Amino acid sequence: MSGLEIEWPDAMAERVRAARSRLVQAGQALRARPLEDRLQAVARVVESWTRPDSPWRRELAEGFGQVGPFHPTTVADGLDAALRAWDPDRLVSCARRELSDVLTPGSRTLAPYDWTAVLAGGSIPMPTLLSSLLPLVLGSPVLLRETSKDPVTGGLLARSIAEHDRELARSFESLAIPTEDAAAFDSLLEAPCVVATGSDETMRSLAARLDGRQRFVAYGHRFSIGIAGSEAPGRVEGISEGFALDIARWDQSGCLSPVVIYLLGVEPSAQAAFAGGLARALERLGERMPRGPAASAERAVQATERSEARMRAASGSGLLFEGDDYTVVLESDARPRPAPLQRFVRVMPITSIQDLDRAVAPFSGHLATVAVEGVSPQDEPSLRRRLSRFGVSRFTSAGRMQTPPIDWPRDGLPLLSPMARFVLSD
């Protein structure tokens, strides 16, 4: 066995420890800067990613389009839509609201963590960007563990920070740490604050490895739904195009992707028209934003669910609309069924708001965003109150599900406070 093979795990762990040492030292200078100064520095970095001619966004689209699981045009559309929806001024306003009594002299002060470990999850860059920048506002340097599905974002973010603020850049580093490298992972998880995105199983596993002295900010599994009410059939084309865009962006792989669209109080004949219109919109969209290659396991689940939907349709229970890049299943009821993703969406009829309650109750705590269309102004407030009880943290309209504002309370949490530590003097 070669020496390189013996030394590799320890070498990566040593890189983590060396990065930690550099970050802890850089944190002293970071915390010496006033909070408002750190906030404005991070806002300038965000602005460099969000402006229409951003070279960072263009380079990320090019690089990620080559290594990610999505078609390059889908990557470019997803990044442009999401990052142009981020307003740096909203970030500043949100931080000032959350930290108002820290920004002005008072009894509560920040006690920033010496460093924060950010564990990226999934294959969508925006959560990685935001989770990496927020601790810097709070005065905590960041070590980002890149996901194997996105080896591009961390390095580009480091370069963009350095271009605007070299001192701030010393407080951010990223590493590609293999999951199987237990020693390196153990070193990473010694961070006093750990921020992670991933499956519920991954979050439980990480929580079991941390102790009570550490802060753990976990963003687990979430998904989103759409609702089209009885007033929607008159606007089928526009609403269908909006929902199709929500489904096609990132090939339905993110927590903001709708997996079900409930038709609330819509007549049977209009249900078929809506599902058909959605299928046509997805087919048109696939011409300019083709679906990326699916893994073999994903293809197998899709094939199974298509086959079962085809049999139900043949027996007069529902309809199936399918193409190379999409699947739309009009179900005859709202019973929970698997969500294969990869532009596979179910359209489910619901008679009343009470029935909707029963349909979504099994998903309580896992709902992120709901797009509402065609619901009467009299019914919509009640609908929102009911769904909020199940953990929904954002309501929007079709076509905007994948473009939340930068201050969206992800998982119902404040933007910065979960990563902050405060001290009170009375």
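The values are calculated or read from the model by the stated rules, or taken from the named source; none is laboratory data. Not measured: the values here are computed from a predicted model. Cβ coordinates were reconstructed from backbone atoms using ideal geometry, including for glycine residues, and neighbour counts include every protein chain displayed.
A few points about this structure:
- Verdict on Ala196 being among the small types (Gly, Ala, Ser) and assigned to a strand (DSSP E or B): yes
- All of Pro340, Pro404 fail the test of being out of contact with any Ser or Thr (no Cβ under 6 Å at 6 or more places or on another chain), outside the structural domain of Val260 (by TED's automatic domain parsing) and closer than 30 Å to Leu129 by Cβ, apart from Pro404.
- Restricting the search to strands (runs of 3 or more DSSP E) fully inside segment 70-148 and requiring at least 2 residues that are surrounded by fewer than 23 Cβ atoms within 10 Å (Cβ to Cβ) gives 108-110.
- Failed condition for Gly65, given (1) small (Gly, Ala, Ser); (2) touching a residue at least 24 places away in the same chain (Cβ under 8 Å); (3) crowded, with 17+ Cβ neighbours inside 10 Å: (2)
- Contact annotation: no residue pair with Cβ atoms under 8 Å, 6 or more positions apart or on different chains, pairs a residue in segment 373-389 that is outside the structural domain of Val347 (by TED's automatic domain parsing) and surrounded by 14 or more Cβ atoms within 10 Å (Cβ to Cβ) with a partner that is among the polar types (S, T, N, Q) and modelled with pLDDT of 95 or more.
- Test result for Pro192, surrounded by fewer than 19 Cβ atoms within 10 Å (Cβ to Cβ), under 28 Å from Ala41 (Cα atoms) and not charged (D, E, K, R): yes
- Boolean, Phe223 is aromatic (Phe, Trp, Tyr), more than 28 Å from Asp251 (Cα to Cα), under 24 Å from the mean Cα position of the chain (by Cα) and surrounded by 15 or more Cβ atoms within 10 Å (Cβ to Cβ): no
- In segment 342-366, residue surrounded by the most Cβ atoms within 10 Å (Cβ to Cβ) [restricted to those that are more than 20 Å from Ala228 (Cα to Cα) and touching a residue at least 60 places away in the same chain (Cβ under 8 Å)]: Gln342
- Out of Val301, Val328, sole residue that is aliphatic (A, V, I, L, M) and buried (at least 21 other Cβ atoms within 10 Å of the Cβ): Val328
- Complete set of residues in segment 154-189 that are in a helix (DSSP H, G or I), polar (S, T, N, Q) and farther than 14 Å from Val45 by Cα: Ser187
- Filter pass, Asp200 being more than 23 Å from Gly412 (Cα to Cα), surrounded by fewer than 16 Cβ atoms within 10 Å (Cβ to Cβ) and not small (Gly, Ala, Ser): no
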